[in-house]
Amino acid sequence: EAQVTQNPRYLITVTGKKLTVTCSQNMNHEYMSWYRQDPGLGLRQIYYSMNVEVTDKGDVPEGYKVSRKEKRNFPLILESPSPNQTSLYFCASSFSLAGGRSEQFFGPGTRLTVL
Amino acid sequence: GDSVTQMEGPVTLSEEAFLTINCTYTATGYPSLFWYVQYPGEGLQLLLKATKADDKGSNKGFEATYRKETTSFHLEKGSVQVSDSAVYFCALSRSAGNKLTFGGGTRVLVKP
């Protein structure tokens with residue numbers, strides 16, 4: 001089954017404790033991205049990757065890191081989480097088509113609470 | 001920069017009622033336009049899309065037409081069901097980078 005998986009689905013942590021949220025896709029997509037969803041703000045892009053070893057900042061990258069060592073995986077790293085990073089996080093992937101025409105496939109989400 | 005504005009919810013309807021969710025956008029060039037739906041506890045999934053002016057996207061009884069002259073992509077369904085209760089997001093993308101710019105989302109609740 002074609003899918004994007006994320007782990008963990010739920011995480012409660014404390015300020016400053018490093019954490020990693022994993023994301024994996026099995027569709028051989030070049031493009032992967034992380035979004036955060038906050039009430040009334042929709043989804044905002046954190047980081048994206050056009051292919052292996054190619055990553056770039058989205059709209060809200062502060063406090064986050066990513067890496068793309070393999071095509072299927074795109075982990076999101078919070079080196080020192082803070083309460084303002086409490087949010088619902090989504091990983092997405094797609095093929096890269098000109099003009100942004102490609103459908104993005106989303107993971108089930110990770111609800112993160114930073115105390 | 002790019003932006004998407006959609007009507008705030010929640011929108012509460014009775015079953016078999018007509019649904020419209022307004023969406024307008026600001027972007028240079030010719031973006032692709034999307035409606036994504038998020039059912040409770042799930043990730044987003046594509047509902048429909050349109051990639052050029054006057055295109056009509058349709059799926060599961062939902063329709064939206066890409067209107068470049070009014071920079072709009074309003075979502076409509078003629079007869080909603082309880083199972084259509086969800087949050088609906090309008091979004092655009094205009095680059096090979098595939099970045100999606102989302103509206104704030106509209107929660108729809110359909111009552112029996």
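Quick note: the coordinates plus some simple rules give every number you see, no bench work behind them. Since the model is a prediction, treat every value here as computed from it, not as a measurement. A quick note on method: Cβ atoms are made from the backbone with ideal geometry, for glycine too, and the neighbour counts reach across all protein chains shown.
For every residue, the table says whether it meets (1) of a type in the set (Phe, Trp, Tyr); (2) over 30 Å from A:Tyr10 (Cβ atoms); (3) within 11 Å of the chain's Cα centre (by Cα).
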site	(1), (2), (3)
B:Pro31	no, yes, no
B:Tyr36	yes, no, yes
B:Leu47	no, no, yes
B:Asp55	no, yes, no
B:Thr71	no, yes, no
B:Gly78	no, yes, no
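How many residues, within the stretch B:88-105, are touching a residue at least 60 places away in the same chain (Cβ under 8 Å), within 10 Å of another protein chain (Cβ to nearest Cβ) and of a type outside the set (D, E, K, R)?
From the stretch B:88-105, those touching a residue at least 60 places away in the same chain (Cβ under 8 Å) are B:88-94, B:100-105; that's our starting set.
Those left that are additionally within 10 Å of another protein chain (Cβ to nearest Cβ): B:89-94, B:100-105.
Next cut, of a type outside the set (D, E, K, R) only: B:89-93, B:100-105.
Count: 11.
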### Query
Quick one: in the stretch B:16-74, which of the residues that are surrounded by 20 or more Cβ atoms within 10 Å (Cβ to Cβ) and in contact with a Lys or Arg (Cβ under 6 Å, 6 or more places away or on another chain) is nearest to A:Tyr35 (Cα to Cα)?
B:Phe34
### Query
In the list B:Ala17, B:Ala53, which residue meets the criterion of being among the hydrophobic types (A, V, I, L, M, F, W, C), without any contact (Cβ under 8 Å) to a residue 60 or more places away in the chain and either in a loop (DSSP other than H, G, I, E, B) or more than 10 Å from chain A (Cβ to nearest Cβ) (or both)?
B:Ala53
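Yes or no, residue by residue, for (1) within 19 Å of B:Leu92 (Cβ to Cβ); (2) among the hydrophobic types (A, V, I, L, M, F, W, C); (3) in contact with a Phe, Trp or Tyr (Cβ under 9 Å, 6 or more places away or on another chain):
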| residue | (1), (2), (3) |
| --- | --- |
| A:Ser24 | no, no, yes |
| A:Tyr35 | yes, no, yes |
| A:Gly40 | yes, no, no |
| A:Leu43 | yes, yes, yes |
| A:Tyr48 | yes, no, yes |
| A:Asn51 | no, no, yes |
| A:Asp59 | yes, no, no |
| A:Ile77 | no, yes, yes |
| A:Ser87 | no, no, no |
### Query
If we keep just the residues of the stretch B:95-112 that are surrounded by fewer than 21 Cβ atoms within 10 Å (Cβ to Cβ) and not β-branched (Val, Ile, Thr), which is farthest from A:Asp56 (Cα to Cα)?
B:Pro112
## Note on the structure
Counting only strands (runs of 3 or more DSSP E) entirely within the stretch A:40-88, those with at least 2 residues that are hydroxyl-bearing (Ser, Thr, Tyr) and within 11 Å of chain B (Cβ to nearest Cβ) are A:42-51
